[in-house]
1. Quick one: which of Val117, Val140 is at pLDDT 95 or above, over 22 Å from Ser218 (Cα atoms) and surrounded by 15 or more Cβ atoms within 10 Å (Cβ to Cβ)?
2. Filter segment 279-317 for residues that are away from the ligand (no atom under 16 Å from the Cβ) and either surrounded by fewer than 19 Cβ atoms within 10 Å (Cβ to Cβ) or not in a helix (DSSP H, G or I) (or both) and give the result.
3. Of the residues Gly192, Gly145, Gly175, only one is in contact with a Phe, Trp or Tyr (Cβ under 7 Å, 6 or more places away or on another chain), over 21 Å from Tyr316 (Cα atoms) and not hydroxyl-bearing (Ser, Thr, Tyr); which?
4. Is there any pair linking a residue in segment 42-60 that is β-branched (Val, Ile, Thr) to one that is surrounded by fewer than 24 Cβ atoms within 10 Å (Cβ to Cβ) and not in a helix (DSSP H, G or I), with Cβ under 7 Å and at least six apart or on different chains, and which?
5. Among the residues that make up segment 228-237, is at least one of them within 15 Å of the ligand (Cβ to nearest atom) and either surrounded by 20 or more Cβ atoms within 10 Å (Cβ to Cβ) or closer than 29 Å to Leu124 by Cβ (or both)?
6. Does at least one position in segment 142-164 carry a residue that is of a type in the set (Ser, Thr, Tyr) and more than 16 Å from the chain's Cα centre (by Cα)?
7. Kindly evaluate Leu246 against the criterion of being surrounded by fewer than 24 Cβ atoms within 10 Å (Cβ to Cβ), over 26 Å from Ser315 (Cα atoms) and within 16 Å of the ligand (Cβ to nearest atom).
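The values are calculated or read from the model by the stated rules, or taken from the named source; none is laboratory data. Worth saying up front: this structure is predicted, and the values here are computed from it rather than measured. For neighbour counting, all protein chains shown are included, and Cβ atoms are generated from backbone atoms with ideal geometry for every residue, glycine included.
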Amino acid sequence: MDNARFGVCDNVLAAIGQTPMVRLHRIGDGTHQFFGKVEFFNPGGSVKDRIALAIIEDFEKKGQLKPGGTIVEATSGNTGVGLGLVALLKGYKCVFVMPEKISEEKRAVLRAYGARVVMTPTGLEPDDPNSHYSVAARIVKETPGAVLANQYHNPANPLVHYRSTGPEIWKQMQGEIDVFVGGMGTGGTLSGVGRYLKEQAKAAGREVKNVCADPYGSILFDLFYHKEVRDPAHSYLVEGIGEDMLPENVHFDVLDDFVRVDDKESFAATRELAQKEGLLCGPSCGAALAAAVKYSKTLKKPSKIVVMLPDGGRSYLSKAFNDEWLKANKLI
Ligand SMILES: Cc1ncc(COP(=O)(O)O)c(C=O)c1O
């Protein structure tokens, strides 16, 4: 757990992880203490740098990725940036497939790392032959020496959070954490961090609650509480969290509660993070914060609540921080 950032990094990959935990002084009514794990400090700008490095090194270890090989992924942008960054430094090619709703800024970043970007229509069923999942799988089949990063189902994803993000959080909080809140896209972050925190808390004779912030329109809430989909999936504007299928990296056994959040409260909390705390973060951070504040109102005693903040706000300047766009989408 030495922090490479304070010496000379051999290359930028050594600067992945060891992100700050920041106290959020102006969030809530003062009953509870809120903290943010600020992942935009990673070199690619998001939490996904961690899984990109872990997934690629896992393929290398297993001999499945050879020099000059290609990494393919169905990604909403951040995982692509992480994979693009790692691939660039290790000499691999990248192809990324994503739905059209993803912001142009995110696509431009991927191209800047030399990756190929393939767009698919938004809102298709995962098994539709034109969904971003199906198209990515087809490209792997047709490209010699290609691997699918497969962030939704690859166990290297939650494992790196269990081995790095979780221990960082536990250490930064000196074991004093009552609630951990984050969104689930692949599920990797919450499943890996959540499992580590549960184990450490149990060994320390205390309890930690892992809470998922789930957008209205995602089916995860229903699957967790009812084991069936009651509200069919529909689209929403927060990017990166909530699902229309159940990824293998969503480990319900380490979760305690789900809190639903709508676009309006998620975008409002995103702006609050920037304006009150100086943290220019993405909308999934706002969703996690909105869920954390809602959840805190159900707590009986003053608690320490850590909120996962997966990425920065610069990729969303034309959306979350643009009044015209917010008005057009009835968010303000
Ligand atoms: C912006 C953003 N926030 C949150 C997440 C969710 O993280 P995880 O995939 O580990 O559940 C993602 C993942 O796609 C993301 O891109």
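1. Val140
2. Lys294, Lys297, Thr298, Leu299, Lys300, Lys301, Pro302, Ser303, Lys304, Ile305
3. Unique residue meeting the criteria: Gly192.
4. Within 7 Å, the pairs are Ile55/Asn154; Ile56/Leu65.
5. Within segment 228-237, one or more residues are within 15 Å of the ligand (Cβ to nearest atom) and either surrounded by 20 or more Cβ atoms within 10 Å (Cβ to Cβ) or closer than 29 Å to Leu124 by Cβ (or both).
6. yes
7. In short, yes.
Rundown of residues vs (1) more than 16 Å from the ligand (Cβ to nearest atom); (2) modelled with pLDDT of 95 or more; (3) among the polar types (S, T, N, Q); (4) under 30 Å from Gly69 (Cβ atoms), yes/no style:
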site	(1), (2), (3), (4)
Pro158	no, yes, no, yes
Glu176	yes, yes, no, no
Gly185	no, yes, no, yes
Leu197	no, yes, no, no
Lys202	yes, yes, no, no
Gly205	yes, yes, no, no
